[in-house]
Amino acid sequence: MSTILSFFNYWVVVALMMIGFYCVIARGNMVKKIMGLNLFQTSVFILFVTSGKVSGGSTPILREGVEIYSNPLPHVIVLTAIVVGVAITSVGLALAVRIQEAYGTIEDDHLGDDDDDERLALEDRQRR
Amino acid sequence: MSDNGILRVVARFLIPLIMLFGLYIQFHGEYSPGGGFQAGVVFAAGWILFALIYGLDNALKVISQRAMYILAAAGVLLYAFVGLLGVAMGGRFLDFYPLLPSPHAAQQLGIITVEFGVGVTVATVVMLIYTMFARRKSEWEAVLREDSDP
Amino acid sequence: MNIIDLMPFSVLLPLIAAGVVAILPGRTLPWTVTFLAALGSAVIAAFTLPAATEVTLSYPFGNWPPPIGIEYRVDAANAFVALLIASMASLSLLWGKTSVNQEVLGRQGPFYALFLLALSGLLGITLTGDTFNVFVFLEISSLATYALVAYGRDRRALLAAFRYLIMGTVGATFLLIGIAFLYTMTGTLNMADLAERLPEVRDTRAVRAALAFIIVGLGLKLAMLPLHLWLPNAYAYAPNFITVFLAGTATKVALYVMLRFIFTVFAPDYSFVVLPLATVLMVLAVAGMFAGSWVAMFQVHIKRMLAYSSVAQVGYMVLGVSLVSLSGLTAAFLHLFNHALIKTALFMAIGSVIYRIGSAKIDNFRGLGRQMPWTMTAFALAGLSIIGVPTTAGFISKWYLILAALESGAWWLVALIVMTSMMAVVYIWRIVEAAWMTERPADLPAVKEAPLGLLIPTWIMVALNFYFGLDTRLTVGAASAAAEVMLGPGFSGVSP
């Protein structure tokens, strides 16, 4: 019991990581894949934040009467990583929207590489 | 959604508060938790709420897509400019100490300017992402309508 | 201004220029600014290399001293890679002007801004001495690359970009997990600081897991064999200019960071002892050499064929690393440089053909030898280099790889290297045969020679292939200096 509670954050990290990674691999739907990717990244953020906690420490803000405070660096790192995550999500969703427009579906299993060069080049020229 | 009275009243009350809170986070970032990124996102959230309730066209009257694009680049360039100013005044890149004689004032000036650049870029980029997705949808629906009844 | 103050500007110049280029109108202006920025960063990198070979340069950002602040730490190894990246970018830009005008319609400002972001990201990964900074720059360059791949002319580019995004992000997140473990165990992110503090905690499971995560994450970016699936489609369907740029730079940077982690952050007597890394890398490298060349022999789409050949060539580089010796690492660095020259030349030649005929299918290459003689000759000469014919750059790197293998007593590796080179003969010959030995069928349209804007840079690259095949002072000197720095002073083999 104590192993579970004292390492609670790490159990959450592992669980989230596995759920996220499973979603990325096993789901065919591109939006679900991106959601899985987000979960996967979130688990790493929790791992980072957990490493910055100092037991008994307060928030790392300069003020009177505070001697012990948590390490602020992981929070900054996680903030940067969140920004990266937002960028990846928006690029991924933008691609998913354009795939939906081009193929009419975002189920990865329905999409093959069997397109023909010539036909596509022709369509491309007509669109211009 | 624009015809729902409750939404309109609540939004009219909330949006200024959200934007004010965004500015608070922006300019207290060097003393308390906050900073350019959080502020930019909160500020843009206010605008997006406005766009959701009053329509994208009205929201784009407040700030046009072209203006967002230019502001996004300008924020990055402001950041780079402050960084280069440190180099020009004899320090390293992003070195704020040479900016002013007093070290504390120099750090404060540097970080506020840099974070302002970050805030502007983040706010406009989040607005841009929203605008592009929202526009795409309306354009796409127009194409579908054309296809169904020629 | 001395070289230390100038050095970080090879990253900052493209980064700042990206902000400017994004809002520039038209087509010529964005290209000009982009080219000047890339050229500027190549010149700075060229000045950095000799200085960094003498003494390790360190540049603290914002004047915060290293373990606290972010530091750029440049020695012979990363100065060499940075020079390669920046000059390949400038050369591909020279070629890219004509090609991009055909493939990217309308405003080109955003396109070139993305290119500059990708370039500065790759240079940032190379020069930085901070592990988290590696992650951030890796994501900057990757995100820009996903968007650039999606610029490709048909809809399969979107699919390729999406799959690249998923795999690339998983790889980068693996790297981040590794960095998180290292940070948790040591409390520092600076590479030099990590190298000092890791020995205290070297026998913990977390550090071992960190090494494994980092190698898998970077292996994805490097397109090491079982993790290469994103590469062929991303290369095949991206705009030609982007393929040319990526082929010479992206995987090279990933290999460099992997070496930096294996050899500098974790000492070689840790990474090769705790995990059976030498064996794993050697097996994957050989498998990659064979599988890549084998699949390349049957490709109909020529850009895909060259992409699979890249997977094989990554195998050669990793093979050099897996020998864990000074000569093996020298061979890896040499091939890193020479392969960038070869693949850029090959993709430039193919891109010039695609510019005219609009297709990359081998059937449409029939009889082109007489209609586009200059382009196809350039392709054939660059093909000699990838096969490894003497007097070409490809020969030099294979020669050093064979010497390194013999030095380690692994004579059977020599046989494998020769066999995969034979396979390279096959896939290059297929195109040469189609271009020269068959008549142009009547139903295929006649084509003109490629425009000079494409031909001249292609021939510059071909000439460089032969120049570095004959005069090896610069490449071998820089590569062995890089290998020495990587292994550290007093390295004398690893005994598992």
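The values are calculated or read from the model by the stated rules, or taken from the named source; none is laboratory data. Keep in mind the model is a prediction, meaning the values are calculated, not measured. All Cβ positions, glycine included, derive from the backbone under ideal geometry; neighbour counts span all protein chains shown.
Mind telling me which of the residues B:81, B:13 ends up being surrounded by fewer than 18 Cβ atoms within 10 Å (Cβ to Cβ) and more than 12 Å from every other protein chain (Cβ to nearest Cβ)?
Of the residues listed, the single one that is surrounded by fewer than 18 Cβ atoms within 10 Å (Cβ to Cβ) and more than 12 Å from every other protein chain (Cβ to nearest Cβ) is B:13.
Looking at (1) in contact (Cβ under 8 Å) with a residue 60 or more places away in the chain; (2) away from chain C (no Cβ under 14 Å), which is the one condition that is false for residue B:65?
It is condition (2) that residue B:65 fails.
Just checking, does segment C:418-429 include any residue being farther than 22 Å from residue C:329 by Cβ and either acidic (Asp, Glu) or assigned to a loop (DSSP other than H, G, I, E, B) (or both)?
Within segment C:418-429 (the criterion being farther than 22 Å from residue C:329 by Cβ and either acidic (Asp, Glu) or assigned to a loop (DSSP other than H, G, I, E, B) (or both)), the answer is no, since none of the residues qualifies.
Got a sec? Which of B:22, B:40 is in contact (Cβ under 8 Å) with a residue 40 or more places away in the chain and either closer than 19 Å to residue A:60 by Cβ or within 12 Å of chain A (Cβ to nearest Cβ) (or both)?
Going through B:22, B:40 in turn, the sole match is B:40.
Given the structure, is residue C:353 modelled with pLDDT under 90 and not hydroxyl-bearing (Ser, Thr, Tyr)?
Answer is no for this residue.
Just to be sure before I move on: is residue C:87 crowded, with 17+ Cβ neighbours inside 10 Å and over 21 Å from residue B:80 (Cα atoms) in the structure I sent?
yes
For segment B:84-108, what are the residues that are farther than 23 Å from residue C:16 by Cα and hydroxyl-bearing (Ser, Thr, Tyr)?
B:102
Identify, please: which residue in segment B:57-67 is closer than 20 Å to residue B:16 by Cβ and hydrophobic (A, V, I, L, M, F, W, C) and is, among those, surrounded by the most Cβ atoms within 10 Å (Cβ to Cβ)?
Among them, the one singled out is B:59.
Based on this model, can you work out whether residue C:106 counts as within 12 Å of chain A (Cβ to nearest Cβ), out of contact with any helix residue (DSSP H, G or I) (no Cβ under 7 Å at 6 or more places or on another chain) and either not β-branched (Val, Ile, Thr) or not in a helix (DSSP H, G or I) (or both)?
Spelling it out, residue C:106 is indeed within 12 Å of chain A (Cβ to nearest Cβ), out of contact with any helix residue (DSSP H, G or I) (no Cβ under 7 Å at 6 or more places or on another chain) and either not β-branched (Val, Ile, Thr) or not in a helix (DSSP H, G or I) (or both).
Limited to segment A:1-48, what total is found for residues that are buried (at least 19 other Cβ atoms within 10 Å of the Cβ), hydrophobic (A, V, I, L, M, F, W, C) and more than 17 Å from residue C:165 (Cα to Cα)?
So the count comes out to 7.
Within segment A:69-115, which residues are within 23 Å of residue C:151 (Cα to Cα), hydroxyl-bearing (Ser, Thr, Tyr) and either in a helix (DSSP H, G or I) or at the interface with chain C (Cβ under 7 Å from one of its Cβ atoms) (or both)?
Passing the criteria: A:89, A:90, A:103.
Answer with yes or no whether residue B:57 is away from every other protein chain (no Cβ under 14 Å) and outside any helix (DSSP H, G or I).
no
Within the bounds of segment C:155-162, is there any residue that is over 25 Å from the mean Cα position of the chain (by Cα) and within 8 Å of chain A (Cβ to nearest Cβ)?
yes
Of C:231, C:246, which residue is touching a Phe, Trp or Tyr at 6+ places or on another chain (Cβ under 7 Å), under 30 Å from residue C:295 (Cβ atoms), aliphatic (A, V, I, L, M) and in contact (Cβ under 8 Å) with a residue 60 or more places away in the chain?
When all the criteria are applied, what remains is C:246.
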